[in-house]
Every structure is written in structure tokens, then in C-alpha cells.
Amino acid sequence: MASSRQSESLHWICALTVTFLLPPAIFCCADERQLPSARELIRETQALFTGDEKPDSWVLLELSRSLAHLGDLKAARELLAPPEPNGLFDASMIASGFLTIADIEIATTGATAPLPDTLKQKLESFTDFDLAEVYARHGHVDKVLASVKSIPAGDHFTLKFDGPRVVESLHAGGHRDAAREVLVHWTKCYSNSKNTFDYIPFEKIDQLVGLLFELGEKETAKAFCERWHAIMTSDTDIEEHGRYIGRGWANLGLAWFLVGEKTKA
């Protein structure tokens, strides 16, 4: 019986999540009198987990997101805070929940609480800089720049994953000067890069270099390409790095083209 109730409640949670994403008009044909309230669904689902029983991380994620969308940010945080993530997948789910809460809170108040230290210790790529992209999306430029400038020069790891999204959000929002500042700091963070793997294609490095050039930092963009070129030239281990070397040269060629150096491309 418990498992049947759990399955039914989880089904409603999934449906509840969809209602936050799709226009209300889509559901106008439903008989609203047959639908339980969102808060009732959440309470029923939470009641299924008692004592030492621990819900799956994705259940916690959906419950916390629902609470956050309902405006109960405190309860959403409390739901995510107690459990210690067992592995990287659980930690990623919980981290996603905290970022959803931050997104809603920043949109309404302009600020949010720091991310939990336990998650930052569990996920090496999950840092307070993840909030910079959220702030950028909502146009809080000062907070973005403060976060970016706190990253030491030479620490390219932090900006590798979130840097492109931060820059894209700033640029799309018309904050060109802020996007340029982030890009300049991004190039400094690559000052200690040592091998081909620091320039893997999915980080949109060639596009960011092109945007840096477009925003007026022409010499900075070319200097970045020169260093990238030197590192690519020094990596000759085709057997181990062949795949990355080939794609790296292709992306570097595009970067050279975007900064106006067609002969080097």
C-alpha cells in the first residue's frame, strides 16, 4: 500500500513540475475540482518518508523545486540541507535544487545565500561561481564581476565550465562592458595552462576569443591565440592525445580566423 501511495504521489509531483513549465491554458480542460493542491501533494509525499527512510535525490530535487516555485524558499532549502549526498549523482541533484532556489530568490530579491560547503566539497566543479551565471542572467552585473574577480589568475578550472554561460548571459542582456571584463579575466586564468586538455572544444574557447576581439580587446585576443598555439605545437603525443590535438588545431584555426589572422588560420 505504501509503495502504491508513493508511486501515485510521485506521479503527481512530476505533473506538478510540468504545470510550472507549460502555459496554464493547456490545462484549461481539466476538472480542477479533482486536482489536489500543490502543497497537499508535497505534504503527502514527504509523509511517505519517515524514520531512517531516505527519499531518492531526484525526489528531493522535485519537491524542493515545487516548494521554491510556490515561494517557500526556506522550506525548499531545509528539504535539501539534511541529507549527506552519497555519491556524485546525488550531489548533482541536490546542487541543481539549490541553484533553482537561488534563481528564484535572485529574481525576486536580487540576492541569495551562499551554496552549502558540503556540496562544494563533494563536487569539485560546484562552486559559488555557479551563482555568477544566475546573477548574470538577471542582470546583477556588480555581483557577477565581484565573483569573477575573486578567482585567482591561473585558476582556469573554475571559468572553464561556467565562464561561457556567464559571458553569453551578460552579452545577451546588453552588458557588453561586463562581458568584456569577464573575458579579460578568463584569458588570465589560462596563464598556467600546460597541455592540450586545457583547451578542449566543448568550452567554446574559439567563440569566446572571437567575442573578446569583437568587444575591442584585439591584442588580448591575439595574445591568447599565441599562447594556445605554443601549447598545441608542444604537444606531439599523437598516440595518447591525437583526438584532442586534431580538434584543438581546428578550433585554434577558427579562433585565428575570428581575430582577423586569416593566414595563421
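Kindly establish whether residue 228 is farther than 15 Å from residue 252 by Cβ and part of a helix (DSSP H, G or I).
So residue 228 fails the test.
Among the residues of region 155-169, which ones are at pLDDT 90 or above and either in contact with a Pro (Cβ under 9 Å, 6 or more places away or on another chain) or acidic (Asp, Glu) (or both)?
Listed by number, the list holds a single entry, 168.
Spot the failing condition for residue 138; the list is (1) of a type outside the set (D, E, K, R); (2) at pLDDT 80 or above; (3) surrounded by fewer than 19 Cβ atoms within 10 Å (Cβ to Cβ); (4) within 28 Å of residue 229 (Cβ to Cβ), and only one is missed.
Answer for residue 138: the failing condition is (4).
Counting just the residues of region 112-123 that are without any contact (Cβ under 8 Å) to a residue 24 or more places away in the chain and surrounded by fewer than 19 Cβ atoms within 10 Å (Cβ to Cβ), which one comes out nearest to the chain's Cα centre (by Cα)?
120
Which members of region 181-229 meet the condition of being surrounded by fewer than 16 Cβ atoms within 10 Å (Cβ to Cβ), hydrophobic (A, V, I, L, M, F, W, C) and modelled with pLDDT under 90?
197, 200, 202
Name the single residue that is nearest to the chain's Cα centre (by Cα) among those in region 232-265 being surrounded by 15 or more Cβ atoms within 10 Å (Cβ to Cβ) and assigned to a loop (DSSP other than H, G, I, E, B).
Per the stated criteria, the residue is 259.
Only one residue in 172, 178 is under 21 Å from the mean Cα position of the chain (by Cα), aliphatic (A, V, I, L, M), surrounded by fewer than 17 Cβ atoms within 10 Å (Cβ to Cβ) and at pLDDT 85 or above, so which one is that?
Answer to the check: 172.
The values are calculated or read from the model by the stated rules, or taken from the named source; none is laboratory data. Source: prediction; values computed, not measured. Ideal geometry is used to build each Cβ from the backbone, glycine not excepted, and the neighbour counts take in all protein chains shown.
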